[in-house]
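Here the structure is laid out as structure tokens; the discussion comes afterwards.
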Number of protein chains: 2
Amino acid sequence: MTSAGKSSSAGGLLDPDRPDGVRLTVSEANEIGSRALGKLGFSDDDTQIIMGQLIDNALCGYRFTSLPRILAIAEFEKFEDNRKPMRVIHETPVSALIDGGNNVGYVTVYRGMEIAVAKARQSGIATVGIHNSYYSGRLAYFVERVTEAGFVAIHTSCGKPRTLPPGAARPAMGTNPICFGFPTTKYPYIMDMGTAAFMWGELMLHAHLGQPIPEGIGYDAKGHATTDAAAALLGGVVPFGGHKGFGLSLVMQSFGVLSGARLTRGQVQDFGFFFVVVDPKLLIPDGSFPEQMTELITKIKATPRQPGVDEIRIPSERSFRERDQRRVEGIIVDKKVVDSLNAL
Amino acid sequence: MTSAGKSSSAGGLLDPDRPDGVRLTVSEANEIGSRALGKLGFSDDDTQIIMGQLIDNALCGYRFTSLPRILAIAEFEKFEDNRKPMRVIHETPVSALIDGGNNVGYVTVYRGMEIAVAKARQSGIATVGIHNSYYSGRLAYFVERVTEAGFVAIHTSCGKPRTLPPGAARPAMGTNPICFGFPTTKYPYIMDMGTAAFMWGELMLHAHLGQPIPEGIGYDAKGHATTDAAAALLGGVVPFGGHKGFGLSLVMQSFGVLSGARLTRGQVQDFGFFFVVVDPKLLIPDGSFPEQMTELITKIKATPRQPGVDEIRIPSERSFRERDQRRVEGIIVDKKVVDSLNAL
């Protein structure tokens, strides 16, 4: 019971001092995860794609969107006995519509991103939509791959109803994140945000720990306001920022429809993953866009600060720094998670 | 001294009962505005484009982004003695980079939108960037034109520094709105949002009326928190929603750089207007996307409601309804504004 429309940042930060955690090198973590995915029946290619993201999430400090996700996929997989190979069902030089064949989004969205990049390389710009899939993880992971190719990305995802429109008693949209990415000469600028007021992964954790959630966030299955996380899991949460968040969430749901969401089960409120990839040379033909982006970020960071403020922090900067550090220091995974993976 | 990066909704709603207002038919308002723009030296073509938006803004109930804007343009125009014809400086079948020639954005962005639509008609998708321009008004106006052509639009704009990054003492981004539009079988779904916590037009109004603004919003020219609107006009405002709003604002600034912002004055933090236009038939080739969007909106509106809630309101719905009504009932304009326009 996890959401495909989950924001990249779903999950909170890793606590390096947890006594119930084990410190692993990247290759150790990769080996444990790959073996588990192999046992779940994933091909070597798919395993490599999935682990690519899960390791990256761990390095960037996202606690729940790393190795623990394999256990969630395993639960989900039990229901997935009618998978088919994903396939492009409509294609032009600037677009592809992809039927994900009921395969996990970690793989289908990665492949979709690759197709979008390949088409943008040929045509300068491309759009790709993916449906009949679920559960793609962290949007910024795919978007960073696009920026590595030197391109600008707009990427959205939407899922099944978990978020309530203002005034509603039932959820109607997914947690619906949106992500933008721009290449610079160093770290890309990546902005990845969910549109729900509370991350679904956090809600699951609160339910698991029996912790209440703040007031005004959750509604139970009958539409009553609740601070009980377990009750809200059966109902839903409100969008962040009221009508602005609602409007944005509905934008992601609309891009989902454009990505063929309705083709999966005849339901417009279903999973959909959308990309626009743009070669910046279309508009800045001399190739200086990454340098100009670096200049923008440098200028923003150099804005005079309030007393006591050390630094103007750019979104995504923290996770890139943490990744650099963790590549050296290793990542920390719950001992219980490692045991469960080894027992699969 | 008004902002180009203004959100469509800048300005608040019209109060139909104001005693200092005059009720005008669309053609009366158009005649007054067109005559004023003609006196300011705008060509008939440009006048028609500008009035198209100003009348639409009035019909949709936006008080300050209608005829009063002509007075603001007039003030701005005094500084505009080096205008040149706008021109496409780089072009492919899927893109155009436009030098706005220091002309007003109402016109350059409209022309850019037309070029994006024409290219999307040919190629299925297109991106257009416009720089060396300012002051385009309400993003939703351009985006609605794109949806009338049957296309999906992503449109952003950014302006000169007015919004402070978290922790900053000086503004670094514009008020930077973003707008998305999707065709349906009836009204399009249009989501148009600024990323500043307070609309610049509202700030100007508060300063004009000597009214304070809420705490935590404004900073003066020295970077001190202030509730004095006039002081905040010389400093800036915070983004909405903290780091999320900041991250989004920086996305718009990045699209501005992609649109050639730096080419205007060598400054990355300058005006830039960006479009992506997508023919939904690229992904939904049977042409049923508008019907599917209508189904989505219908489903969302049919979500069970909280007790006492009459309706799930979709963003942009209110302004479309008001427009239908005002086309019959006429629009209300400040008497002072009409007098000032007639005196130009």
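The values are calculated or read from the model by the stated rules, or taken from the named source; none is laboratory data. Computed from a predicted structure; not experimentally measured. Heads up, the Cβs are rebuilt from the backbone with ideal geometry, glycines too, and the neighbour counts pull from every protein chain shown. Protein only, heavy atoms only, side chains kept; ligands, DNA and RNA dropped before computing areas. Shrake-Rupley method; radii C 1.70, N 1.55, O 1.52, S 1.80 Å.
Karplus-based coupling profile of the range A:285-297, in residue order and whole Hz: x, 7, x, 8, 4, x, 5, 5, 5, 4, 4, 4, 4, with θ = phi - 60° in 6.51 cos²θ - 1.76 cosθ + 1.60 and x standing for Gly or Pro. Given springs between every Cα pair under 10 Å in a Gaussian network model of chain B, which of B:ALA168, B:ALA140, B:ALA207 has the largest fluctuation? Looking only at B:ALA168, B:ALA140, B:ALA207, the largest GNM fluctuation is found for B:ALA168. Using a cutoff of 8 angstrom between alpha carbon atoms and counting only pairs six or more residues apart, the relative contact order for chain B works out to 24 percent.
Note on chain A: with neighbouring protein chains present and a 1.4 Å probe, carbon and sulfur make up 52 percent of its accessible heavy-atom surface. Straight-line reach from B:LYS335: taking Cα to Cα under 18 Å and skipping same-chain neighbours fewer than 8 places apart, the aspartates and glutamates in range are B:ASP15, B:ASP17, B:ASP20, B:GLU28, B:GLU31. Ranking A:HIS206, B:HIS90 by solvent-accessible area of protein heavy atoms (1.4 Å probe, all protein chains present), from largest to smallest, gives B:HIS90, A:HIS206.
Can you list the lysines whose alpha carbon sits under 20 Å from that of A:LYS119, skipping same-chain ones fewer than 8 residues off? Cα-Cα hits under 20 Å: A:LYS281, B:LYS119, B:LYS281.
With a 1.4 Å probe rolled over the protein heavy atoms of all chains, the accessible area of A:GLU291, A:GLU144 falls in the order A:GLU291, A:GLU144, largest first. Local charge for A:PRO165 was computed over the other residues whose Cβ lies under 14 Å away, with Lys and Arg +1 and Asp and Glu -1, and equals +4.
Computed 3J(HN,Hα) for the range B:45-59, one whole-Hz value per residue from the Karplus formula 6.51 cos²θ - 1.76 cosθ + 1.60 where θ = phi - 60°, is 4, 5, 4, 4, 5, 5, 5, x, 6, 4, 5, 4, 4, 4, 4, glycine and proline marked x. Using a Gaussian network model of chain B in which every pair of alpha carbons under 10 angstrom is joined by a spring, one finds that among B:ASP270, B:ASP228, B:ASP20 the greatest mean-square fluctuation is at B:ASP20. Near the amide H of B:LEU164, within less than 5 Å, lie the amide hydrogens of B:ALA172, B:VAL237, B:VAL238, all on another chain or at least 5 residues away, with H placed in the peptide plane.
Under 5 Å from the amide H of B:GLY61 lies no amide H of any residue 5 or more positions distant or on a separate chain, with H modelled from the backbone and absent for Pro and chain starts.
Give me the distance between the Cα centres of the range B:124-151 and the range B:22-59, rounded to whole Å. Cα centroid to Cα centroid, the span is 20 Å.
Among the residues of B:165-177, the average count of other protein chain beta-carbon atoms within 10 Å of the residue beta-carbon is 4. Shielding by partners for peptide A:154-163, expressed as the average number of C-beta atoms from other protein chains within 10 Å of each residue's C-beta, is 1. Take every Cα pair under 8 Å whose residues are at least 6 apart in sequence, average their separation, divide by the length of the range B:218-344, and the relative contact order is 9 percent. Counting Cβ atoms of other protein chains within 10 Å of each residue's Cβ and taking the mean over peptide A:241-253 gives 6.
In summary, the lysines within cross-link reach of A:LYS301, defined as a Cα separation below 22 angstrom excluding same-chain residues under 8 places away, comprise A:LYS186, B:LYS160, B:LYS222, B:LYS244. Averaged per residue, the protein assembly as shown has 37 square angstrom of accessible surface, using a 1.4 angstrom probe with ligands and nucleic acids left out.
For the range A:100-111, 3J(HN,Hα) computed residue by residue from phi via the Karplus equation (6.51, -1.76, 1.60; θ = phi - 60°) reads x, x, 6, 8, 5, x, 3, 8, 5, 6, 4, 5 Hz, glycine and proline entered as x.
Pairing chains B and A buries close to 6300 square angstrom of accessible surface in total, based on protein heavy atoms and a 1.4 angstrom probe. Rounded to the nearest 20, the Cβ-based charge dipole of chain B about its Cα centre (Lys and Arg +1, Asp and Glu -1) stands at 500 debye. In the elastic network of chain B, a GNM with C-alpha springs shorter than 10 Å, the most mobile of B:LYS301, B:LYS160, B:LYS39 is B:LYS301.
The figure for B:ARG265 is an accessible area of roughly 140 square angstrom, using a 1.4 Å probe on the protein chains alone.
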